[in-house]
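Input: a single structure, listed below in structure tokens.
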Amino acid sequence: MQLDNNQLLRFTTAGSVDDGKSTLIGRLLYDSKSIFEDQLESIENTSAKKGHEGVDLALFTDGLKEEREQGITIDVAYRYFTTPKRKFIIADTPGHIQYTRNMVTGASTANVALILIDARHGVIEQTRRHAFIASLLQIPHLIVCINKMDLVDFSEERYNEIIAQFEEFSSKLLVKDIRFLPISALLGDNVVNASENMKWFKGAPMLHTLETMHISSDINKIDARFPVQTVLRPQRDGFIDYRGYAGRVASGIFRPGDEVTVMPSGFTSKIKSIDTFESTVDEAFAPMSVSITLEDDIDVSRGDMIVRNNNKPEPKQEFDAMLCWLNNETAKPRAKYTICHTSNDQKSMIKEVRYKVDVNSYNRIEDDKDLNMNDIARVTIKTTRPLMIDEYRDNRVTGSFILVDDATHETVAAGMIL
Amino acid sequence: MSKYYLNYLDELESEAIYILREVWAQFDNPVIMFSGGKDSILLTHLAKKAFFPSRIPFPLMHVDTGHNFPETIQFRDDLIKEFGCQLIVGSVQESIDQGRVAEEKGKNATRNALQITTLLDAIESNKIDCAIGGGRRDEEKARAKERFFSHRDDFGQWNPKNQRPELWNILNGKHFEGEHFRAFPISNWTEMDVWNYIKRENIAIPSLYFAHEREVVWRSDSWIPVSEFLILEEGEKVETKKIRFRTLGDITITGGMESDADTLEKIANEVSTMRKTERGNRTDDKRSESAMEDRKRQGYF
């Protein structure tokens with residue numbers, strides 16, 4: 001198999017077990033021949049034990065003992081498959097328990113979100129919630145899969161009705177690329193193979209769409225940002241004076257000779273070289289891991305950010321963000337948390353909860369400002385020192401952060417800077 | 001299409017390097033768990049890239065069950081010499097001698113589960129706060145739920161239902177004294193990715209992975225190598241076969257498969273046509289539906 005230029009595409013799936021989400025993933029893996037014989041045998045045995053007719057494809061996605069016993073998904077699980085065109089990573093997020101927390105997690109790295117709708121029920125509250133989260137996390141591409149078309153006689157009319165329902169609210173979303181797809185995950189229609197039952201549908205089946213979708217331009221190539229993870233000082237023969245700043249390019253493009261500023265100190269220098277293992281490169285772009293050396297001997301350490309002189313992020317100590325609360329413990333008013341933003345940790349405080357968002361109606365909630373698990377709110381964050389931030393809509397790396405509770409060290413919230 | 005994108009192997013490599021550098025930055029005393037298998041060799045290779053021109057800043061830690069392939073130990077020692085790393089060995093035999101664990105009895109007795117105690121003891125006595133492992137999410141269903149940074153309580157236990165959510169590429173390794181982390185930089189690699197990368201980078205791996213002649217016995221659907229630990233059962237006979245191993249574990253539980261693949265190219269081709277998972281030849285995973293999850297909860301990697 002010739003895969004040299006193949007890209008990696010990460011997608012997340014939203015929908016409950018009832019929407020046929022697990023069946024869809026099982027179908028994708030099965031029809032793309034990504035399931036091994038021993039896995040299939042094990043699923044056949046379990047299907048028979050449970051008294052199911054045929055092979056229950058949904059069982060492929062069960063991971064933990066309790067999930068198998070209860071037939072639910074508890075935690076985000078990752079699945080992999082490869083076709084001759086691309087490698088895929090699926091973040092399979094549970095539909096029932098802690099849906100927001102898990103979907104936000106799965107969505108944070110996704111290029112594409114698949115939202116499932118049961119063709120019999122049409123758009124329900126949950127659909128609106130999933131679409132909202134996909135939009136909040138700025139997933140560039142959304143595929144709305146209208147599933148179980150076999151149960152509505154593969155009706156084109158029903159399909160169009162559901163699209164109309166979705167479009168009633170989708171104008172409020174920030175996702176630019178929304179596509180619709182009529183499928184039957186159970187029978188395989190329009191998943192890997194084009195549907196024989198829905199000749200009226202002129203679009204490509206799901207896999208083809210995933211294989212050919214243009215994702216290279218999803219990454220910000222304008223704002224050059226390089227958060228320093230660690231400093232490499234080898235102190236060995238041949239590299240006595242070497243001082244490399246190791247990190248992964250967050251966005252933009254860096255080249256040797258670029259005039260750069262180190263933030264927050266403001267020292268300026270020029271890029272001397274961009275190094276990888278035993279070689280150098282002419283250009284570094286996201287998400288490349290490299291180390292950068294500078295012409296001048298200036299003080300740079302973890303938490304600093306190297307940027308180009310003519311395009312700097314704004315250092316801010318107070319900013320607004322959309323916050324998703326991920327912890328069982330309710331947020332304490334004006335409580336202090338450690339904020340982790342790129343490679344920089346600072347003490348911070350939720351200065352104010354401006355409003356919460358009802359993820360089903362998209363309405364603001366102004367009279368209840370307690371942040372509980374799965375709540376989404378607009379907040380004002382204050383930090384002890386300035387952070388080099390961009391807006392999340394421009395930059396998913398320098399526009400995002402997490403909050404960590406110092407008492408438990410747990411990750412309690414995820415934030416997207418406005 | 002613009003040229004500003006990475007192919008999937010480069011992206012996986014970059015992700016792993018990012019995670020290894022985060023481990024180095026966030027922990028005081030990390031180690032690489034080194035088994036001598038392809039995944040831990042790959043990990044060591046990636047660590048070399050992540051810190052070049054510095055040397056790999058982590059010691060390698062090997063949990064030695066005493067049931068090794070001799071080739072694995074030789075390979076380990078050569079690699080240590082080449083990379084100039086420190087080696088920490090946790091010995092299961094010592095744990096047995098000290099009465100910390102008891103040897104399993106019976107036909108399919110292995111030292112696989114005994115490793116957990118030795119591993120946790122070694123982590124504690126060496127004050128290790130992060131053990132980097134070559135676990136991959138595609139290997140097994142419990143592993144599919146793992147984080148890059150996976151928290152362990154002060155008993156070394158994993159609680160899959162209460163894991164820290166991991167968003168974007170922000171890794172939270174904050175911990176209290178006595179707790180530790182497992183880090184899995186190659187979580188997103190599949191078996192095929194590993195082989196394609198080893199082939200591309202021409203990474204040296206133990207000869208056991210290549211087809212070779214060996215004395216073996218047919219047991220549990222695979223060819224179990226003859227060793228001093230193997231007790232022949234009635235009806236079993238020793239044969240010489242051309243085999244290779246798809247994964248490497250203890251010599252007592254690792255089954256080989258008949259193969260002519262004696263180059264990385266041929267191995268990668270062979271793996272791409274396999275219809276069974278790689279852990280299918282591991283008797284440790286065949287014990288029950290949740291064998292891996294149960295061991296992981298106790299502190300296995």
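From the residues in segment B:235-249 that are in a strand (DSSP E or B) and among the β-branched types (Val, Ile, Thr), which one is surrounded by the fewest Cβ atoms within 10 Å (Cβ to Cβ)? Step through it out loud before you land on a result.
The first filter runs over segment B:235-249 and keeps only residues in a strand (DSSP E or B), leaving B:239-245.
From the residues that got through so far, the ones that are among the β-branched types (Val, Ile, Thr) too are B:240, B:243.
Values: B:240: 10, B:243: 20.
For segment B:235-249, the residue satisfying everything is B:240.
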Determine whether residue B:19 is of a type in the set (A, V, I, L, M) and either in a loop (DSSP other than H, G, I, E, B) or at pLDDT 95 or above (or both). yes
Of all the residues that make up segment A:321-337, how many are surrounded by fewer than 17 Cβ atoms within 10 Å (Cβ to Cβ) and part of a strand (DSSP E or B)? 1
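Results for (1) of a type outside the set (A, V, I, L, M); (2) at pLDDT 85 or above, shown as yes or no for each residue.
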| residue | (1), (2) |
| --- | --- |
| B:196 | yes, yes |
| B:204 | no, yes |
| B:213 | yes, yes |
| B:260 | yes, yes |
| B:276 | yes, no |
Filter result for the condition that a residue is in contact with a helix residue (DSSP H, G or I) (Cβ under 6 Å, 6 or more places away or on another chain), among the hydrophobic types (A, V, I, L, M, F, W, C) and at pLDDT 75 or above, over A:43, A:25: A:25
Of everything in segment A:277-292 that's assigned to a strand (DSSP E or B) and away from chain B (no Cβ under 11 Å), which residue is nearest to the chain's Cα centre (by Cα)? A:292
If you check B:72, B:44, which single one turns out to be over 20 Å from residue A:248 (Cα atoms) and among the polar types (S, T, N, Q)? B:72
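Could you list, in sequence order, all residues of segment B:174-183 that are within 9 Å of chain A (Cβ to nearest Cβ) and either of a type in the set (D, E, K, R) or buried (at least 21 other Cβ atoms within 10 Å of the Cβ) (or both)? Before the answer, list the steps.
Keep residues of segment B:174-183 that are within 9 Å of chain A (Cβ to nearest Cβ), which gives B:174-176, B:179.
B:174, B:179 - these are the residues of segment B:174-183 that are within 9 Å of chain A (Cβ to nearest Cβ) and either of a type in the set (D, E, K, R) or buried (at least 21 other Cβ atoms within 10 Å of the Cβ) (or both).
Would you pick out the residues in segment A:334-356 that are without any contact (Cβ under 8 Å) to a residue 24 or more places away in the chain and farther than 22 Å from residue A:138 by Cβ?
Matches in segment A:334-356: A:334, A:335.
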Do you know which residues across segment B:261-280 are without any contact (Cβ under 8 Å) to a residue 60 or more places away in the chain and out of contact with any Phe, Trp or Tyr (no Cβ under 8 Å at 6 or more places or on another chain)? B:266, B:269, B:270, B:273
Working only within segment B:62-85, note down all residues that are over 18 Å from residue B:244 (Cα atoms), outside any helix (DSSP H, G or I) and touching a strand residue (DSSP E or B) at 6+ places or on another chain (Cβ under 9 Å). B:62, B:63, B:64, B:65, B:66, B:85
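Kindly indicate whether residue B:231 is touching a Phe, Trp or Tyr at 6+ places or on another chain (Cβ under 6 Å), in the same structural domain as residue B:273 (by TED's automatic domain parsing) and over 30 Å from residue A:416 (Cα atoms). Steps first, answer last, please.
Numbers: touching a Phe, Trp or Tyr at 6+ places or on another chain (Cβ under 6 Å): no; in the same structural domain as residue B:273 (by TED's automatic domain parsing): yes; over 30 Å from residue A:416 (Cα atoms): yes.
When the stated conditions are applied, residue B:231 does not pass them.
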Restricting attention to segment A:161-177, which residues are farther than 23 Å from residue A:18 by Cβ and either part of a helix (DSSP H, G or I) or among the aliphatic types (A, V, I, L, M) (or both)? A:167, A:173, A:174, A:175
So, in segment A:73-93, of the ones that are of a type in the set (Lys, Arg) and either in a strand (DSSP E or B) or without any contact (Cβ under 8 Å) to a residue 60 or more places away in the chain (or both), which residue ends up farthest from residue B:166 (Cα to Cα)? A:86
When both residues are 6+ apart or on different chains and their Cβ atoms are under 6 Å apart, which pairs have a first residue that lies in segment A:398-415 and is more than 7 Å from every other protein chain (Cβ to nearest Cβ), and a second that is acidic (Asp, Glu) and surrounded by fewer than 24 Cβ atoms within 10 Å (Cβ to Cβ)? A:398/A:390; A:399/A:390; A:399/A:391; A:412/A:405
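Kindly establish whether residue B:52 is buried (at least 17 other Cβ atoms within 10 Å of the Cβ), away from chain A (no Cβ under 14 Å) and under 29 Å from residue B:13 (Cβ atoms).
Numbers: buried (at least 17 other Cβ atoms within 10 Å of the Cβ): yes; away from chain A (no Cβ under 14 Å): no; under 29 Å from residue B:13 (Cβ atoms): yes.
No.
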Give the residues of segment B:147-172 that are in contact with a strand residue (DSSP E or B) (Cβ under 8 Å, 6 or more places away or on another chain) and at the interface with another protein chain (Cβ under 9 Å from one of its Cβ atoms), sorted by residue number. B:151, B:163, B:164, B:165, B:166, B:167, B:168, B:169, B:170, B:171, B:172
Residue in segment B:98-119 that is modelled with pLDDT of 85 or more, surrounded by fewer than 20 Cβ atoms within 10 Å (Cβ to Cβ) and at negative phi present: no
Are there any pairs, at least 6 apart or on different chains, whose C-beta atoms fall under 8 Å, with the first in segment A:235-251 and more than 9 Å from chain B (Cβ to nearest Cβ) and among the charged types (D, E, K, R) and the second part of a loop (DSSP other than H, G, I, E, B) and surrounded by 12 or more Cβ atoms within 10 Å (Cβ to Cβ), and if so, which? A:243/A:233
Conditions (1) in contact (Cβ under 8 Å) with a residue 60 or more places away in the chain; (2) outside the structural domain of residue A:86 (by TED's automatic domain parsing); number of the one not met by residue A:169: (2)
Mind checking which residues of segment A:370-418 are farther than 15 Å from residue A:313 by Cβ, assigned to a strand (DSSP E or B) and out of contact with any Cys (no Cβ under 9 Å at 6 or more places or on another chain)? A:378, A:379, A:380, A:381, A:382, A:384, A:412
Quickly run through segment B:184-234 and pick out the residues that are within 12 Å of another protein chain (Cβ to nearest Cβ) and either charged (D, E, K, R) or surrounded by fewer than 16 Cβ atoms within 10 Å (Cβ to Cβ) (or both). B:191, B:193, B:199, B:200, B:201, B:221
Just one listed residue, out of A:295, A:278, is farther than 30 Å from residue A:217 by Cβ, touching a Ser or Thr at 6+ places or on another chain (Cβ under 7 Å) and not assigned by TED's automatic domain parsing to the domain that holds residue A:399, and it is A:295
List every residue pair whose Cβ atoms lie under 8 Å apart, where the two residues are 6 or more positions apart in sequence or sit on different chains, the first residue falls within segment B:165-194 and is under 16 Å from residue B:11 (Cα atoms), and the second residue, located anywhere, is in a loop (DSSP other than H, G, I, E, B) and among the aromatic types (Phe, Trp, Tyr). B:184/B:148; B:185/B:148; B:187/B:148
Within segment A:123-161, work out how many residues are in contact (Cβ under 8 Å) with a residue 40 or more places away in the chain and either under 20 Å from residue A:188 (Cα atoms) or touching a Ser or Thr at 6+ places or on another chain (Cβ under 7 Å) (or both). 13
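Per-residue answers, yes or no, for (1) within 12 Å of residue A:403 (Cα to Cα); (2) of a type outside the set (D, E, K, R); (3) more than 11 Å from chain B (Cβ to nearest Cβ):
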| position | (1), (2), (3) |
| --- | --- |
| A:303 | no, yes, no |
| A:308 | no, no, yes |
| A:314 | no, no, yes |
| A:318 | no, no, yes |
| A:324 | yes, yes, no |
| A:330 | no, yes, yes |
| A:333 | no, yes, yes |
| A:339 | yes, yes, no |
| A:345 | yes, no, no |
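Take segment B:52-67 and flag every residue that is β-branched (Val, Ile, Thr) and over 29 Å from residue A:275 (Cα atoms). Walk me through it before giving the result.
First pass over segment B:52-67, keeping only residues β-branched (Val, Ile, Thr): B:56, B:63, B:65.
If the condition is that a residue be β-branched (Val, Ile, Thr) and over 29 Å from residue A:275 (Cα atoms), then B:63, B:65 are the ones that fit.
The values are calculated or read from the model by the stated rules, or taken from the named source; none is laboratory data. A quick note: this is a predicted structure, and the numbers were derived from the prediction, not measured. We place every Cβ from the backbone using ideal geometry, glycine too, and count neighbours over all the protein chains shown.
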